[in-house]
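S.K.: Below: one structure in structure tokens.
The values are calculated or read from the model by the stated rules, or taken from the named source; none is laboratory data. Since the structure is predicted, the reported quantities are computational estimates derived from the model, not experimental observations. Here the Cβ is made from the backbone with ideal geometry for all residues, glycine too, and neighbour counts use every protein chain on show.
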Amino acid sequence: MAVNNSINIPGVIVRPVSSFKDNRGWLTECFRSDEIDKDVIPQMAYVSVTLPDVARGPHEHLTQTDYFCFLGTSAFKVYLWDNREGSAVYRKLVTVSAEEGKQLIIIVPPGVVHAYKNIGAKDGMVLNFPNKLYAGKGKADKVDEVRHENNPSSGFVI
């Protein structure tokens, strides 16, 4: 598995995804259990569409790892801040480009604030395969999110 560690936030993995194209269209393997750490194996999946010039986040999780697959339907800018005290890159902003026409995986561990913005002209589709169930089994637990969108004093504003 090719891993891009140049973003320099411990635990964050960024890697390109291969598409297999033929005369019917294309197919992309978003994840395989033999290619990811057992602690990151998804417990659920969802798809979202983000309109042009719209951002989602920033927020972080206390125990959940997000496993994003940007499908290349539009261009995105992904923002990451390591919010784990004691980290060598604590509160340092890192950005990653997810280009239109190219698929990209970004795995975001707990404690890393993340957001993304559709910087393209088309609706952008993103899949997420988190390793925890949203609101727990039967949606009976507290949601594992710390929201930063409406808190300018957090420093996490895009």
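S.K.: Return the only residue of Ile158, Ile107 being in a strand (DSSP E or B) and hydrophobic (A, V, I, L, M, F, W, C). Don't jump to the end; show me each part of the working.
M.R.: Details: Ile158 fails: in a strand (DSSP E or B).
Every option except Ile107 fails the conditions.
S.K.: Can you tell me which residue in the stretch 78-119 is surrounded by the most Cβ atoms within 10 Å (Cβ to Cβ), limited to those that are small (Gly, Ala, Ser) and farther than 19 Å from His148 by Cα?
M.R.: Ala98
S.K.: Next up: Looking only at the stretch 42-77, filter to residues that are β-branched (Val, Ile, Thr) and not in a loop (DSSP other than H, G, I, E, B); which one of those is surrounded by the fewest Cβ atoms within 10 Å (Cβ to Cβ)?
M.R.: Looking at residues that are β-branched (Val, Ile, Thr) and not in a loop (DSSP other than H, G, I, E, B), I get Val47.
S.K.: Looking only at the stretch 134-144, filter to residues that are among the hydrophobic types (A, V, I, L, M, F, W, C) and at pLDDT 90 or above; which one of those is surrounded by the most Cβ atoms within 10 Å (Cβ to Cβ)?
M.R.: Top of the filtered list is Val143.
S.K.: Being within 19 Å of Asn8 (Cβ to Cβ), among the β-branched types (Val, Ile, Thr) and over 15 Å from the mean Cα position of the chain (by Cα): is that true of Val78 here?
M.R.: Spelling it out, it is not the case that Val78 is within 19 Å of Asn8 (Cβ to Cβ), among the β-branched types (Val, Ile, Thr) and over 15 Å from the mean Cα position of the chain (by Cα).
S.K.: Would you be able to say whether some residue in the stretch 139-153 is under 12 Å from the mean Cα position of the chain (by Cα) and farther than 15 Å from His59 by Cβ? Even if it seems obvious, please write down each step before you answer.
M.R.: Of all residues in the stretch 139-153, those under 12 Å from the mean Cα position of the chain (by Cα) come to none.
No.
S.K.: Within the set of pairs 6 or more residues apart or between chains, which connect a residue that is under 17 Å from Val94 (Cα atoms) and modelled with pLDDT of 75 or more inside the stretch 145-158 to a residue that is in a strand (DSSP E or B) and among the hydroxyl-bearing types (Ser, Thr, Tyr) with Cβ atoms less than 8 Å apart?
M.R.: Sorted first by the residue in the stretch 145-158, then by its partner, the pairs are Ile158/Tyr79.
S.K.: Additional query: Name every residue in the stretch 27-36 that is of a type outside the set (A, V, I, L, M) and either surrounded by 12 or more Cβ atoms within 10 Å (Cβ to Cβ) or within 20 Å of Tyr79 (Cα to Cα) (or both), in order of residue number. Before the answer, list the steps.
M.R.: Here is the first cut: in the stretch 27-36, the ones of a type outside the set (A, V, I, L, M) are 28-35.
Within the stretch 27-36, Thr28, Glu29, Cys30, Phe31 meet the criteria.
S.K.: While we're looking at this one, here's another question. Quick check: is even one residue across the stretch 123-133 over 19 Å from Ile9 (Cα atoms), of a type outside the set (A, V, I, L, M, F, W, C), loosely packed, with under 12 Cβ neighbours inside 10 Å and over 15 Å from the mean Cα position of the chain (by Cα)?
M.R.: no
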